[in-house]
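The values are calculated or read from the model by the stated rules, or taken from the named source; none is laboratory data. Small disclaimer: the values here were computed from a predicted structure and weren't measured. Every residue, glycine among them, receives a Cβ derived from its backbone with ideal geometry; neighbour counts consider all protein chains shown. Side chains are part of the model used for accessible areas, which takes the heavy atoms of the whole protein and leaves out ligands, DNA and RNA. Shrake-Rupley method; radii C 1.70, N 1.55, O 1.52, S 1.80 Å.
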Amino acid sequence: MKTPFQRSARFSTVLLFTLSLLLVSEPSFAQPTITSHTPDQNSLDVSADTNIVVQFSENIENSTVDKDTFNVDGTMTGEIAGAFTGGGTDTITFDPTTDFEPGEVVTVTLTTGIENTSGAALSDPHTWQFTVASRKATGEFGPQQIISGNAVVAFSVYAADMDGDGDMDVLSASWAEDKIAWYENKPRTLAPVTILLLDEEEPASRRR
């Protein structure tokens, strides 16, 4: 016959064993956080062929990582396509389909749509930027070229790759004409002007 002490000791043993099983089998619902990433925030002269690598505090569910939850945008190229690897681990790598453009600023945004393998969402959204290294240049300039003599009061002039061909075109906004013009960059010259916007009403310079 067992004494009360023996019965109490056996009960305690069974209880501890049961609790230990629960602790082992209980999934972790801790929200993942970002512990590090490369390139770092505000990094300069980043190689154009670099990958973006993010380290998390938890293993990440592969199906929750895509262009909407892990978004990469460049100031010259817009949304940047690429492949994600590392699902199921705590490290996700983004490999761009093409190299970043020299000199562009890249913004990376991670949303709370990213989840760990237990279904817990990223604790907070996170965004950061870095700048891609510019091409090395000799610093030599050719003779001055007059783009146009017909832009009246051209108070805004910008260089931008309007047609995605890899070279810079010129945009101008003429206050006196209510006109926005695009000068396409062609080999050794600029193509004839293309009018993007023209207000055919009375020009702003004549309005009172």
- Query: For the pair residue 147 and residue 79, what calculated FRET efficiency results from E = 1/(1 + (r/R0)^6), where r is the Cβ-Cβ distance and R0 = 35 Å, to the nearest 0.05?
  - Reply: 0.70
- Rounded to the nearest 0.05, what FRET efficiency do residue 47 and residue 186 have when you use their Cβ-Cβ distance and R0 = 35 Å? 0.70
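If I take R0 = 30 Å and measure r between the Cβ atoms of residue 175 and residue 129 in this structure, what FRET efficiency does the formula 1/(1 + (r/R0)^6) give, to the nearest 0.05?
After rounding, the FRET efficiency stands at 0.35.
Give the accessible surface of region 36-172 per residue, rounded to a whole number of Å², with probe radius 1.4 Å and ligands, DNA and RNA excluded. Please report the intermediate quantities before stating the final value.
Details: 7890 Å² over 137 residues.
Dividing the accessible area of region 36-172 by its residue count gives 58 Å².
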